[in-house]
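Right, one structure below, let's go through it.
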Amino acid sequence: MNIVAILKMVPDVVEEFEVAADGKSLDIEFLRLIVNERDEHALEQALILKELLGGSVTALALDAPDIDDVLFTALAKGADRAVKVTGVEEGLTTRSAASILAQTLPNVPDLLPAELILTGCQAIDDIDAQAPALLARRLQLPYLGLVSGVEVDASTNTAKVAKEFAGGVRGEFELTLPAVLGIQAAEKPPRYVPVAKVRAAMKEGEIEEVTAPVASEAALIDIIEMNVPEVAGRAEMLEGDADEIAARLCDVLVERGLL
Amino acid sequence: MAGNVLVMADQWRGELSDITYELLALGRELADGLGVSLEAVIVGHQLGELPNKLGAADVVHCLDNPALADPVPDAVSQALAEVIKQQEPAAVLIPWTNVAADLLGLLPAQLDAPFLNFCQDVRVVDGQLEARCVLYGGKMEAKVVGRARPLILGVLPGARSAEQGRVDGAPTVVAASVAIQDSGVHFKSYVEPEAGDVDITQQEVLISVGRGVQSGDNVKIAEELAAELGGAVCGSRPVIDQGWLSLSRQVGKSGAIVKPKLYIAAGISGAPEHVEGMKDSDTIIAINTDPGAPIYSVAHFGAVEDATDVLPALLDAVRAKKG
Ligand SMILES: Cc1cc2nc3c(=O)[nH]c(=O)nc-3n(C[C@H](O)[C@H](O)[C@H](O)COP(=O)(O)OP(=O)(O)OC[C@H]3O[C@@H](n4cnc5c(N)ncnc54)[C@H](O)[C@@H]3O)c2cc1C
Ligand SMILES: Nc1ncnc2c1ncn2[C@@H]1O[C@H](COP(=O)(O)O)[C@@H](O)[C@H]1O
């Protein structure tokens, strides 16, 4: 069972967001980037499957700030290989990134065919594509997204996959492997790894580098402008310390007949 | 026909959801703005009367096929791609629901067509479609245009009112036949959610916790507060994923849609997928340390404070008030 887990950095939504000087992109100069949450679930699901069935997990990412730490963390968590795709422009759209992935994966030594390519899904910065769907189409592999549970039957080379619908309903699907899955949630929360183990991985582990192809994808959309939406328009904001706020909220509850 | 606006109906398990009508309302506005017809497409099997319920459209393309009985994204994508190639619409509006989510990725990839994700609004500006897209969990928005046709738009719930799109009419229903190839993805069955101990859609008071409450212990404080106020505790997705609350307590796109009298959102950022599940609550109180959190655009009252301080303080204050 060989699995590739693809990781991506996104801005942390708790930060203050500002528009860049061009007026049509996010200013990421001072923003903290974190791993897309669902990618951590993809990696976790990959590690769980490897523990069950044997095989290997390769964590792969396009170059980005702090990506080395992320890849070493993946090694510390139990990934067997870490691969960084270098030579990528900054601020790629999802469509270009997916196209690079589709062109690069087949060129990574001893990587494909892997039975599963697990990605996150619905990253917060997807404006012009969904990476795993595009990747699957280009690699001509079956695809399913919003996945929250994967069981593999090695004897039939199939995966039984749970996909989320609305109202807590899930659909069970069967996919022929190899396949690409966009993971929404792993069956367990992503594991924690102590800093000491990450440091050890940094000393002993190795990040393999492959170069991105030069041919880039022509953009199909244009962002005219980007704005920070006005959020506080409707809410009456309460000031003071926690006790003062609590007292004021109590009054609101009484006024509205809720207490 | 070439140049028209095409709306995909959100048909799931034999029913049409509100967003179908929201998109028809939006589609009608865009079609009128462009001076073209509004067409709809409905996909499934044994659709019966459903195509006739899309009265706002001039024409309904009906893709009724046993291979489309279940929502296999790849099969639906193949079918839609055929219709789009035949009809050459200027724009295709697809509802941003979990049912259609994968389609939003597969279809533009298959057609190599421009795609605009997370559209909250679309307008005709100088004869061209311009979308307002929500990015970064609601912390940014962008005005975006496509460079080619057909432009595929993933439209979020709430772009227009469903009432506007629920129009009686007698659209021309056209049966479209398509050949679906096996995609290696097969639907097996649905798994219904386990019934929780409480049904959060029936509660008048909901104390909702998000990642910002930091720990399972603080969820307990929220539970106590809910008990004092005669309600229940619920949460955003990360809280469920962490195992702090069961899936039956999730509010939002993949969870429950709730409309309580009181909804206290503690440590919840207000991502669109959460907000669509709670925005119609009577009184919404948000507690979030980030003054720019999108939750404040739906809340009636807000406090930029640490929820791990406000929740216990509020619990004490409520207890004191009740005596
Ligand atoms: C297809 C799909 C379906 C989805 N369905 C759902 C769904 O049904 N329900 C759902 O909720 N989400 C859903 N999501 C996820 C959604 O996009 C968001 O990721 C999620 O709602 C974020 O949860 P959150 O607000 O708790 O966490 P975050 O976005 O991480 O926000 C945490 C917030 O807490 C604040 N905070 C931090 N510390 C404190 C403190 N001490 N006191 C007060 N505030 C603090 C931060 O400022 C931040 O705003 C879905 C996503 C997708 C792609
Ligand atoms: N630079 C990148 N841009 C977009 N997606 C990427 C990138 N690198 C990796 N991916 C993978 O694709 C997933 C995003 O899926 P989606 O949000 O549906 O486009 C991420 O979670 C990653 O697993």
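Quick look at the values:
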| quantity | calculated |
| --- | --- |
| Residue A:56/residue A:204 FRET efficiency (R0 30 Å; Cβ-Cβ; nearest 0.05) | 0.95 |
| Segment A:1-115: antiparallel DSSP beta bridges as a percent of all, rounded to 5 | 25 percent |
| Inter-site label distance for residue B:69 and residue A:216 at 7 Å from Cα along Cβ, in nm | 4.8 nm |
| When segment A:149-259 is reduced to its Cα atoms, the Kirkwood hydrodynamic radius in Å | 22.1 Å |
| Dipole magnitude of chain A, debye to nearest 20 (Cβ charges: Lys/Arg +1, Asp/Glu -1, about Cα centre) | 1220 debye |
| Long-range amide H partners of residue B:60 with built H, under 5 Å | B:40, B:172, B:173, B:174 |
| Kirkwood hydrodynamic radius of chain B, Cα pairs, Å | 21.1 Å |
| Segment A:134-178: chymotrypsin sites (Phe, Trp or Tyr not before Pro) falling in loop per DSSP and having at most 15 other Cβ within 10 Å | none |
| Neighbourhood net charge (14 Å Cβ-Cβ; Lys/Arg +1, Asp/Glu -1) for residue B:293 | -4 |
| Nearby aspartates and glutamates by direct alpha-carbon distance to residue B:321 (threshold 12 angstrom, same-chain neighbours under 8 apart not counted) | A:251, B:228 |
| Fraction of beta bridges assigned by DSSP in segment A:112-202 that are antiparallel (%, nearest 5) | 65 percent |
| Selection from A:212, A:111, A:228 lying farthest towards where the dipole of segment A:93-232 points positive, charges on Cβ | A:111 |
| Footprinting exposure proxy for B:254, A:155, A:148, B:246 (fewest neighbouring C-beta atoms within 10 Å first) | A:155, B:246, A:148, B:254 |
| Exposed-site-free run, longest, chain B (rule: trypsin sites (Lys or Arg not before Pro); DSSP loop; at most 14 other C-beta within 10 Å) | B:148-323 |
| Order of A:192, B:190, B:296 under a 10 Å beta carbon neighbour criterion, fewest first | A:192, B:190, B:296 |
| Overall dimensions of the protein assembly as shown by Cα: Rg and Dmax, Å | 23.8, 71 |
| For segment B:188-323, the Rg and Dmax computed from alpha carbons only, in angstrom | 14.0, 55 |
| Local electrostatic count at residue A:5 - Lys and Arg +1, Asp and Glu -1, tallied over other residues with Cβ under 12 Å | +1 |
| Contact order normalised by residue count of chain A, Cα under 8 Å, 6+ apart, percent | 24 percent |
| Rg and Dmax of segment B:1-92, Cα atoms only, in Å | 12.4, 37 |
| Cα point-scatterer Debye curve for segment B:8-49, base-10 log of I(q)/I(0) at q = 0.18, 0.34 Å⁻¹ | -0.55, -1.16 |
| Partners for residue A:188 among lysines (Cα-Cα distance below 19 Å; same-chain residues under 8 apart left out) | A:50, A:77, A:160, A:163 |
| Chain A pair-distance distribution - Cα-Cα, 5 Å bins, rounded % | 1, 5, 11, 15, 16, 14, 11, 9, 6, 4, 4, 2, 1, 0 |
| Filtered GluC sites (Glu not before Pro), segment A:52-138: DSSP coil and at most 15 other beta carbons within 10 Å | A:89, A:90 |
| Span-rule helices in chain B, defined as complete DSSP H runs reaching 18 Å or more along the axis (Cα) with Kyte mean at least -0.5 | B:18-34, B:73-87, B:216-228, B:307-322 |
| Share, in percent, of DSSP beta bridges within the protein assembly as shown that are antiparallel, nearest 5 | 35 percent |
| Charge context of residue A:138, other residues only, Cβ under 13 angstrom, K/R +1, D/E -1 | 0 |
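Since every read-out is calculated from the coordinates, none of them should be taken as a lab result. Quick caveat: nothing in here was measured; it's all calculated off a predicted structure. Ideal geometry is used to build each Cβ from the backbone, glycine not excepted, and the neighbour counts take in all protein chains shown.
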